[in-house]
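Every number in this text was worked out from the coordinates using simple rules, so none of it is lab data. Just so you know, these numbers come straight off a predicted model, no measurement behind them. We place every Cβ from the backbone using ideal geometry, glycine too, and count neighbours over all the protein chains shown.
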Amino acid sequence: MCGIAGYFNLQASPEPSLSLLERMIWSLRHRGPDGFGFFQNEQVGLAHARLSIIDLEGGWQPICNEEKTIWVIFNGEIFNYLELREQLIKRGHRFTTNSDTEVLVHLYEEKGENFVEELNGQFAIILYDIRRCSILLARDRMGIRPLFYTFHQGRFFFGSEIKAIFSADATIPRAMNPCALQDIFTFWSPVATETIFQGVSQLLPGHTLKVDRQGIHVQRQYWDIDLHVEESAGSPEELAEELRELLIDAVRLRLRADVPVGAYLSGGLDSSTITSLIRHYTTNPLKTFSVVFEDKVYDERDQQALIVDYLNTDHHQVACNYRTIADAFPKVVYHAELPVLRTAPTPLYLLSGLVRHHGYKVVLTGEGADEILGGYDLFKEAKVRAFISRQPDSSYRAMLLKRLYPYLALSPTRSASYARQFFATDITPDADLFYSHQLRWKNGEFLHRFLADEFIQSNYSPLAAITESFKDKLTDLHYFKRAQYIESRLLLGNYLLSSQGDRMAMAHSVEGRYPFLDHRVVEFAARLPMRLKMKGINEKYLLKRAMSDLLPREILNRTKQPYMAPDILSFFGAHPPDYVEHFLSESALRDSGMFKNDVVLNLVAKCRKKARQGFRENMALVGILSTQILYDLFIANWLVEHPDTLPNTRVIVH
């Protein structure tokens, strides 16, 4: 796991500048504090910040082929690198290291741009081909590792994080993207290649991008989740066994490292599954890490203790209260580089700090199971609504709404009549491509009322943008599969794996690995009949069946509790942090120009009077506050750090 950054000259080559590369990679030192590597010629500059996990002595980057005509920098891991290495050696390739990185250059020699299709991993890759005078960007199938780019004054800049791009050149424009903010305040995520900063794009999951002297080529998709495939015909017993075997192999591959590997353990089904598979099918020492909350509404320590005792793990906890969340929140926004609508990333930021404190660089986690195996309450909600819509006058069917969101203090199901109105049970699944998500997105209408008319693009429609981006993928799919695709391709890569995965772990130089997001597991799940993902409203049915003899019954039968953290309560408790008052003040709101001052100040007064608010108010307050912090850090007071010297550095000038 590492940080990568650099540039590619599209026009007449400016004078090479090593200091430019040093500024870029220094901004990513949290991603790779173990050393820095550079390659530079008149065409390209490549920089790498190393987090040494595989081949601790020889795995330095950039790395090249024998002829020194292909160079690569790479952020992530290739889990099947040993198998690929063996195949390449048989074909006559010579290796000088034992790293997974070197596999990439030789595989590119064999397969060209299609080499990414051979990889089982999580990666962002920059590959420079001297003979073709081009670079190739590649991102893993599910979007676990980020990669951003922009074009400025004849150069193509790229980096693992946007801060590397902004550190390259003070003349690169920095401005908030009003369309992306409208997207985020609707879907929680930007749409397509957009980011919150104008002119900066992201490489999409499962895509490559080739750039040569003629300019930027269109992103090419090499993989997608195909939910149109024919469903598997095996029995539930056979499919449960196949799922377990796939997960066992995915876990084994992700334990490959030359450093110790731990695991996150929340007390839920997904992380318990991964931890149990490590215990039962590997010899890996089992150290686990979790978050506990002072506020009992969010705390899962009893369930964590249950699975810790069951699996006999060496367990460690980080305790979170309102103040610790509030104190860390600005750092979370800095690393996320995105407005967030919940404080949920913050405890995970603190958790990765605990992992690093114990000397660990790698953890396995349970992300992705809900998306691919039917675990979210949103899927359950869509299924109940669809069931009611077939007999809308049935009072018996409407009673099922009471089974939704039992963990919310202000649940919309608290009365049957309100629930029917809230969930719009008179709408049929075939009436809208986004049937499953429209109710969630309606909450965005509440957030949009805070946006300043002068800032937003009045002719821009987030719904039109997402329709354009997704319509070809969703056509002819069942509403349940449409819901899965939207969650997997919109929210997972752009929000969860970013704000709660890669960014929060790498903030403390920790690499997260995700067995459920092994593309073989994802493709298997795509072929499963829907009844085996959610049987009735029993979520992740097949996973529970696959793990029935490896987990305690209390974990298997536990009512799902989504991971959440206290929002407004963290900022308006007994001792609110000073920065909240500052960033939500009339002067700060006026300076940023993104929000309606009076509407925001009314919300702040409401929160100050009563800190326990509803879901929409929580989203609005956290979203506005994080956007204001982001503006301050990256626009108003952006500071480029200039390192005097970089420690443990290797420079290649070609």
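The stretch 194-227 and the stretch 477-534 have Cα centres spaced 19 Å apart. Projected label points at residue 131 and residue 448, each 7 Å from Cα along the beta carbon direction, are separated by 5.3 nanometres.
Calculation over all alpha carbon pairs of the stretch 568-636 in 10 angstrom steps from 0 returns a P(r) of 21, 58, 21, 1 percent.
On a per residue basis, the convex hull of the C-alpha atoms belonging to the stretch 42-130 measures out at 94 Å³. Derived scalar couplings between HN and Hα for the stretch 525-530 equal 4, 5, 8, 6, x, 4 Hz in order, rounded to whole Hz, by the Karplus curve 6.51 cos²θ - 1.76 cosθ + 1.60 (θ = phi - 60°), x for Gly and Pro. Given H placed 1.01 Å from N in the peptide plane, which residues other than close sequence neighbours of residue 122 have an amide H under 5 Å from its amide H? So residue 122 has HN proximity to 77, 79.
If only the Cβ of Lys and Arg carry +1 and only the Cβ of Asp and Glu carry -1, the dipole of the chain around its Cα centre is close to 1420 debye.
Principal semi-axes of the equivalent ellipsoid, √(5λ) from the alpha carbon gyration tensor of the stretch 233-283, are 23, 14, 8 Å from largest down. Quarter the surface of the alpha carbon convex hull of the chain and you get the mean projected area, 28.3 square nanometres. Shown in residue order for the stretch 467-473 are the 3J(HN,Hα) couplings computed by the Karplus curve 6.51 cos²θ - 1.76 cosθ + 1.60 at θ = phi - 60°: 5, 4, 6, 10, 4, 5, 7 Hz (x for Gly and Pro).
Got a sec? How would 24, 504, 176 order by Cβ neighbour count within 10 Å, fewest to most?
Working: 24 30, 504 26, 176 19.
Fewest-to-most Cβ neighbours within 10 Å comes out as 176, 504, 24.
Round to the nearest 0.05 the FRET efficiency obtained for residue 97 and residue 456 when R0 = 56 Å and r is the Cβ-Cβ distance. Here the calculated transfer efficiency is 0.65.
Pairs exceeding a 19 Å alpha-carbon distance, out of 533/560; 442/540; 361/560; 383/540; 331/442: 442/540; 361/560; 331/442.
Estimated purely from DSSP H runs of n ≥ 4, each contributing -39500 (n - 2.57), the mean residue ellipticity at 222 nm for the chain is -11000 deg cm²/dmol once divided by its residues. Cβ-to-Cβ counts within 10 Å put 91, 213, 503 in ascending order as 91, 213, 503, the fewest first. Near residue 52, the amide H atoms lying under 5 Å from its own belong to 34; only residues 5 or more places off or on other chains count, and H is placed 1.01 Å from N. Backbone phi angles across the stretch 146-163, fed through the Karplus curve with coefficients 6.51, -1.76 and 1.60 (θ = phi - 60°), yield HN-Hα couplings of x, 7, 10, 7, 7, 10, 8, 6, x, 10, 9, 9, 8, x, 5, 9, 5, 4 Hz in residue order; Gly and Pro are listed as x. Qualifying trypsin sites (Lys or Arg not before Pro) in the stretch 529-558, where qualification requires a DSSP coil assignment and no more than 10 other C-beta atoms within 10 Å, are lacking entirely.
Using the count of nearby Cβ atoms within 10 Å as a rough guide to exposure, how do 365, 195 rank from fewest to most?
Values: 365 26, 195 19.
By the 10 Å Cβ count, ascending, the order reads 195, 365.
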